[in-house]
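The values are calculated or read from the model by the stated rules, or taken from the named source; none is laboratory data. Given the structure is predicted, the values throughout are model-derived calculations rather than measurements. Positions of Cβ are generated from backbone atoms using ideal geometry, with glycine treated the same way; all protein chains shown enter the neighbour counts. All accessible areas refer to the heavy atoms of the entire protein, side chains included, with ligands and DNA or RNA removed. Shrake-Rupley method; radii C 1.70, N 1.55, O 1.52, S 1.80 Å.
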Amino acid sequence: MTKESVLRDNFGSRFGIIAATAGSAVGLGNIWKFPYVAGENGGGAFLLIYLFFVLAIGVPVMMSEFAIGRRGQKNAYGSFGVIAPGKRWNLIGLMGVVAAFFILAFYSSVAGWTLQYIVSSVSHSFAGQSIADLENTFNTLIVNPIKPVVWQLVFMVLTALIVLAGIKKGIEKYTKLLMPLLLLLIIVLCIRSVTLEGGKAGLEFLFKPDFSKVTAKTFLYALGQAFFSLSLGMGALITYSSYFSKKENLASTAVSVALSDSLIAILAGVMIFPAVFAFGIEPTCGPSLVFITLPGIFQQMFWGDFFGTIFFILLTVAALTSTISLLEVVVAFLSEELKISRKKATVIATLSVSVLGIFASLSFGTLKGVTIFGKSIFDVLDYTASNVLLPLGGLFIVLFVGWFGGKKIIKSELSNEGTLRVRYYPYFNFIVKFIAPFAIAAIFIYCIFWGGL
Ligand code: PFF
């Protein structure tokens, strides 16, 4: 063992590994994005296609990322450098670091709103507001030049404090507490929602597939959503798996993480759609679903502010366990590649992401006029990361694993150096070599030429 690998921090337990990795996967993508994307794309049919992609493509890509990170024992960029020395594959890792940087900048802006919504729910500020009033409240918040920025910075500081404490004493310790809390909160809200009168129609919408609504676009949205939700195609899972124990079974970890992530997305649907139907609202109302429609529903509910507060705490917790993983990608890269301390790297990463993040936050109001290719700063960051860098990163990862030299190393990692049986390997290899590159290339081409997801 090299001196460096002895000094490197690691996750201390299997539960810690699952909590941290599922924490990265479960986020705003599950609770904010999944319900509205499913709502706009036909409910049950979308869910089925989504689950198929998670298992058939998401899990093999996740296993590939785990294998690269654990073998490389370094950040996303450095791990490729170790596995394929002298080749340019490490640029994939670099792209991942840039993607993490961009995602964190706009994601922390939305995460900041969730903090404001906790305070508003606790202080009963939504009391008596109609949906139109709530729309106004939301629009007033996001154009405000100060409030969203302050909340975003608070969120970044919280994220940085956890990352600063390290892998075992920071990320693992907190995700082990936060993930069970998240599950508890979402179950409480699901029970509330399904027991509402008229809520059954919401469950039908989510679970009864209506294939007449399915188009080619549905498939692309489902795969794109699966990638974002599982944190694939960028450095997060490569970075986390570089802290996994050599005994960890990578395939079973990937399956557990993918199932937990899907379970939370389904529970988010179970929590939201019955309430939406019970109060006679259209399920297709888009991104404003959780910030306008849901507070409206809570207002009409008995103990609404209590359930509203729980809901926004849930969103905050989900976002926090994801922002930690995004910041870790950048911190691990800076500290290992520039050979600076973790503390210095965390400060540099947090400050620079925050500066970009402030621009993203202000792009709804003060900087509304600043556009790039007709998009606001927030949308440019989201578009570049989610529609360009993630699919491209995923594509190169599967090409590397399936076609270019990564194969032997991956097999040895998946089998823990030959000590585990990997009967699934031929299937895995087939998917990674033929199916995944084709499917990912399809989303990528669609995103670039037809304007994105
Ligand atoms: N998977 C997270 C979510 O669903 O909200 C978002 C995310 C986190 C994407 C970390 C990418 C990443 F590296």
Task: Using alpha-carbon coordinates, inclination of helix 250-278 to the longest axis of the chain, degrees - done: 10
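Expressed in nm², what is the orientationally averaged projection area of the convex hull enclosing the Cα positions of the stretch 51-95? It would help to have the intermediate numbers written out before the result.
Numbers: hull surface 12.9 nm².
Value for the stretch 51-95: 3.2 nm².
For the stretch 27-144, give the magnitude of the charge dipole about the Cα centre (Cβ charges: +1 Lys/Arg, -1 Asp/Glu; no others), in debye to the nearest 20. The partial results should precede the final answer.
Numbers: 6 positive and 4 negative charges, 165 e Å.
Dipole magnitude for the stretch 27-144 comes out near 800 debye.
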Open item on the list: If the only charges are +1 at each Lys and Arg Cβ and -1 at each Asp and Glu Cβ, what is the size of the charge dipole of the stretch 300-453 around the Cα centre, to the nearest 20 debye?
Closed with: 500
- [ ] Pop a pseudo-label 7 angstrom from the Cα along the beta-carbon direction at both residue 91 and residue 417 and give the gap in nm to one decimal.
- [x] 3.4
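Taking 10 °C and 1.306 mPa s as the conditions, I'd like the Stokes-Einstein D for the chain in µm²/s, using the Kirkwood hydrodynamic radius from alpha carbon pairs. Don't jump to the answer; show the numbers that get you there.
On the way: Rh = 22.0 Å.
After rounding, the answer is 72 µm²/s.
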Task: Karplus-derived 3J(HN,Hα), 6.51/-1.76/1.60, for each residue of the stretch 411-416, Hz, glycine and proline x - done: 5, 5, 5, 5, 9, 6
TODO: Before rounding to the nearest 500, sum -39500 (n - 2.57) across all DSSP H runs of length at least 4 in the chain and divide by the residue total; then give [θ] at 222 nm in deg cm²/dmol.
DONE: -22000 deg cm²/dmol
Task: Sites excluded, trypsin sites (Lys or Arg not before Pro) in DSSP loops with at most 13 other C-beta within 10 Å, longest stretch of the chain - done: 89-245
Task: 10 Å-binned pair-distance histogram of the stretch 136-234 (Cα, whole percent) - done: 11, 18, 33, 30, 8, 0
Task: Longest DSSP-loop-exposure-free segment, GluC sites (Glu not before Pro), the chain, at most 10 other Cβ within 10 Å - done: 198-416
Task: Theoretical gain in end-to-end length, residue 184 to residue 201 [0.36 nm per residue, Cα-Cα removed] - done: 3.7 nm
Open item on the list: Between the stretch 325-343 and the stretch 300-321, what is the separation of their alpha carbon centroids in Å?
Closed with: 33
Task: Spin-label pair residue 368/residue 124, simplified geometry with 7 Å Cα→Cβ offset, distance in nm - done: 3.3
Open item on the list: For 382, 261, give me the order by solvent-accessible area with a 1.4 Å probe, most accessible first, ignoring ligands, DNA and RNA.
Closed with: 382, 261
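Of the accessible area of the chain, with the probe set at 1.4 angstrom, what percent is carbon plus sulfur?
Details: 12430 of 17900 Å².
Result for the chain: 69 percent of the exposed heavy-atom area is carbon or sulfur.
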Open item on the list: Testing the spin-label approximation: label points 7 Å from Cα along Cα→Cβ at residue 407 and residue 256. State their distance in nm.
Closed with: 3.1
TODO: Could you state the accessible area per residue of the chain in Å², with a 1.4 Å probe and every protein chain left in place?
DONE: 40
Open item on the list: Rounded to the nearest 10 Å², what accessible area does residue 305 have for a 1.4 Å probe in the complete protein model?
Closed with: 30
Task: Simple Cβ-charge dipole of the stretch 211-315, Lys/Arg +1 and Asp/Glu -1, about Cα centre, in debye nearest 20 - done: 300
Task: Mean-position separation - Cα centroids, the stretch 195-220 and the stretch 263-287, in angstrom - done: 10
Task: Cα centroid separation - the stretch 46-88 against the stretch 100-163, whole Å - done: 32
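First measure r as the distance between the Cβ atoms of residue 143 and residue 343, then evaluate 1/(1 + (r/R0)^6) with R0 = 56 Å and state the FRET efficiency to the nearest 0.05.
Details: r = 36 Å, r/R0 = 0.64.
Rounded to the nearest 0.05, the efficiency is 0.95.
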- [ ] Provide the FRET efficiency to the nearest 0.05 for the residue 302-residue 435 pair, computing r from the beta carbons and using R0 = 45 Å.
- [x] 0.35
TODO: Pick out, from 93, 109, 79, the residue whose Cα sits farthest towards the positive end of the charge dipole of the stretch 50-137, with +1 on the Cβ of Lys and Arg and -1 on the Cβ of Asp and Glu.
DONE: 79
